[in-house]
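*Asks:* Pasting a structure below so you can have a look.
The values are calculated or read from the model by the stated rules, or taken from the named source; none is laboratory data. Keep in mind that this is a model prediction, so the values were computed, not measured. All Cβ positions, glycine included, derive from the backbone under ideal geometry; neighbour counts span all protein chains shown. For accessibility, only protein heavy atoms count, side chains too; no ligands or nucleic acids. Shrake-Rupley method; radii C 1.70, N 1.55, O 1.52, S 1.80 Å.
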Amino acid sequence: MISNDITIDMSPGATESLIRSVATDNLNEGVYSCVLQAMITGEWITLGHDSFSLTVPPIAIDGTLEQATLPRLLVLLDENKPCTEADSDDDDDHDCCTNSSDRDPHGPSNAPLLSEQRSYLEALLTAQGYNYTIVSDRAAFAEQFLSGAYNTYALFSEQIKLSETLQKALREAVYRGDGLLVAGDHDHRNHKLYEALGITYRGKKPNANAVEMTDSDLSRPQQLALQLEEKVINAELKNATTAGHFLFSDNQMNTVHAVTVNPYGEGQAVHFGYDLLAEAVLASLTGPHADLISSSLATIAPVFDLPQLGSSVPILLTVNNQGMATPGQAVITLPQGVVLIDSGGAMPQPNGSIIWPFDLQASEVTNLMLWLQPQSDQSDLRIDALIQTGEAPDLLDHETLSLTLMLSSAPTLKDLLDELSLLADEDNVYRKAFNYLEQAQQALDESDSDDAFEKMLKGSDELIKLDTPEAGQIRLKLAQVIRLTGLTHATDSEHHDDDD
């Protein structure tokens, strides 16, 4: 029983209204009575009474399960350790091997530390909601890239030299629709990427002190100061368009392109001829160089259509509590042939399901982002999410959400051989491409995915030479086959390290 005593004085004929609220949080469901009593001349007299029923309000949760349109980013930074004599180059201005472990490998002296650059980039990407992985050596980059779990790549490294096999595979990834940002390359050590970037390397230039940006998707027209006193890349346009050029303290008249953008196949590539990340660190998180990192990543973000076999697919589960506060969980079931790349903080279970616990306050909305990789060639794949409320072991099923992934048709190497066989007599380039892919098919039949991977890339090298719609379409399909082959390809093994 809960009582509340109030003392009042009333004149004859007066009326008094009293309102009292009763918290029901700790009350059980049932019927309750209210009694109004008054003590008059020393005696309690009942003036009135009433009753009310207390019921538990219904759980009201709305949920959605949908395919999202977000990039998944793989970043390459320089590692915080001394380089070796094998990493030296012909640049007389900087000796990589004398730098301390946290120094920028090619300076200059006012360059921010590598640890500062990494912390800065992590803060920037996290603030903008990116799902990203940062690696700082070639083997780790190769392993992550070949997993097929990413669709956007940012190379801020000056020192790391990717194998030519990996460079060409990255080139083909852009051609099939992925995005590439190269910002800070010290020289032409990763020159096989220039095809995708749409530029040609023409050495380096000293005395750059600013960048004049033009009106583009990357920036409004503005002039950006450069604080690092180092040589910049002299990039000659091949197919790319310029988004900015360098200004020099010695008033050089020749145009040197500082920023370029290149649509390549189904993808986009952006190149900066200066150390964009280091300049951004010196200018702060809200500076113009930070804005260029953001706008570049937005520009190269893939255009999402039907998911492809072996690609990374973001799935968004949203729960919206429109009723009382309640705990609960979602039990997500994936079909056969779909691999979980990133659980987004949910808990994978031994039976293959994924459990995502939540504790929702009234009117709270929360969501879970999963990253999946379809590896089955069936045309549609259904994902289920059972929403349950309450706490174990008394969980109650609330609703089941379903999403069917419709995959684009997956080309095979045999399909491409059939197409090339009809074109082989038209041009010797088609004939060479056919021969390489025929060797790749033979390698696959012998379970030698490494050799097949190499031969496919050589076939693509040939198709690049032809500027025909037929060659472009065959190469686009080949790039998809290359991704699938990369899933079983050995990680950047030494015999693929064929750089000069």
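*Asks:* What's the angle, to the nearest 10 degrees (0 to 90), between helix 413-423's Cα axis and the longest principal axis of the chain?
*Replies:* With rounding to tens, the tilt is 40 degrees.
*Asks:* Sticking with this one: Need the list of aspartates and glutamates near LYS238 for cross-linking: C-alpha distance under 13 angstrom, and skip anything on the same chain fewer than eight residues off.
*Replies:* Output for LYS238: GLU195.
*Asks:* Could you put THR389, THR400, THR242, THR41 in order of accessible surface area, largest first, with the 1.4 Å probe and the full protein assembly present?
*Replies:* Ranking THR389, THR400, THR242, THR41 by accessible area, largest first, yields THR41, THR400, THR242, THR389.
*Asks:* Cα axis of helix 469-486 to longest principal axis of the chain: angle in degrees, 0 to 90, nearest 10?
*Replies:* Tilt relative to the chain: about 60 degrees.
*Asks:* How would the range 89-227 be classified by its alpha-carbon gyration tensor: rounded, prolate or oblate, with rounded meaning a/c under 1.5 and the a/b versus b/c comparison settling the rest?
*Replies:* Rounded shape, in that the Cα axes give a/c under 1.5.
*Asks:* Right, something else. At R0 = 25 Å, how high is the FRET efficiency between ILE8 and SER33 if r is their beta carbon distance? Nearest 0.05 is fine.
*Replies:* Plugging the Cβ-Cβ distance into 1/(1 + (r/R0)^6) gives 0.65.
*Asks:* Can you give the accessible area of ASP217 in Å² (nearest 10), computed on protein heavy atoms with a 1.4 Å probe?
*Replies:* Probe radius 1.4 Å; accessible area of ASP217 about 140 Å².
*Asks:* As a test question: what accessible area, to the nearest 10 Å², does ARG202 have when a 1.4 Å probe is rolled over all protein chains in place?
*Replies:* Using a 1.4 Å probe on the heavy atoms, I get roughly 130 Å².
*Asks:* When the Kirkwood hydrodynamic radius is evaluated over all pairs of different C-alpha atoms of the chain, what value in angstrom, to one decimal, is obtained?
*Replies:* By the Kirkwood definition, the hydrodynamic radius is 26.9 Å.
*Asks:* Pop out the carbon and sulfur fraction of the accessible area of the chain as a percent, whole number, probe 1.4 Å.
*Replies:* Carbon with sulfur: 47 percent of the solvent-accessible area.
*Asks:* Just to confirm, what accessible area per residue do you get for the chain at 1.4 Å probe, in whole Å²?
*Replies:* Spelled out: the 1.4 Å probe surface of the chain, per residue, equals 49 Å².
*Asks:* Please find the FRET efficiency linking ASP427 to ASP451, where r is the Cβ-Cβ separation and R0 is fixed at 25 Å, and quote it to the nearest 0.05.
*Replies:* 0.50
*Asks:* A further question on this structure: Going from the alpha-carbon gyration tensor of the range 395-493, what semi-axes, largest first and in whole Å, does one get by taking the root of 5 times each eigenvalue?
*Replies:* 34, 18, 11
*Asks:* Same structure, new question: With each label point set 7 Å from Cα along the Cα-Cβ vector, what nm distance links ASN435 and GLU122?
*Replies:* Once both label points are built, they end up 5.1 nm from each other.
*Asks:* Which angle from 0 to 90°, rounded to the nearest 10, does the C-alpha axis of helix 428-445 make with the longest principal axis of the chain?
*Replies:* Roughly 60 degrees between the two axes.
*Asks:* Roughly how many Å² of SER53 are accessible to a 1.4 Å probe, to the nearest 10?
*Replies:* We get 90 Å² for SER53.
*Asks:* Please compute the length gained on full extension between ALA392 and LEU487, using 0.36 nm multiplied by the number of residues separating them and subtracting their Cα-Cα distance.
*Replies:* Fully extending the segment from ALA392 to LEU487 adds 30.3 nm.
*Asks:* Want the number for THR200 to LEU285: 0.36 nm per residue separation, take away the alpha-carbon distance, what's left?
*Replies:* Using 0.36 nm per residue and subtracting the Cα-Cα distance, I get 27.5 nm.
*Asks:* Using 1/(1 + (r/R0)^6) with R0 = 60 angstrom and r between the beta carbons of LYS465 and THR366, what's the FRET efficiency to the nearest 0.05?
*Replies:* Efficiency computed from Cβ-Cβ geometry: 0.70.
*Asks:* Stretched out fully, how many nm does the piece from VAL22 to ALA68 gain, at 0.36 nm a residue minus the Cα gap?
*Replies:* Between VAL22 and ALA68, full extension yields an extra 12.0 nm.
*Asks:* With charges only on Cβ, +1 for K and R and -1 for D and E, what is the dipole size of the chain about its Cα centre, in debye, rounded to 20?
*Replies:* Its charge dipole is roughly 800 debye.
*Asks:* Shifting gears a bit: Taking H as built 1.01 Å from N, whose amide H comes closer than 5 Å to the amide H of LEU360, not counting residues under 5 places away?
*Replies:* Placed amide hydrogens put THR326, GLY328 under 5 Å from LEU360.
*Asks:* So how far apart, in nm, are the two label points at MET406 and ASN320 if each is 7 Å from Cα heading toward Cβ?
*Replies:* A separation of 2.4 nm, rounded to one decimal place.
*Asks:* At 1.306 mPa s and 10 °C, plugging the Kirkwood radius over alpha-carbon pairs of the range 1-59 into Stokes-Einstein gives what diffusion coefficient in µm²/s?
*Replies:* Answer from the Stokes-Einstein relation: 111 µm²/s.
*Asks:* Check which residues have an amide H placed less than 5 Å from LEU247's amide H, if you skip close sequence neighbours.
*Replies:* ASN209, ALA210, VAL211, GLU212
*Asks:* Can you check what the Kirkwood hydrodynamic radius comes to for the range 240-354, Cα pairs only, in Å to one decimal?
*Replies:* 19.2 Å
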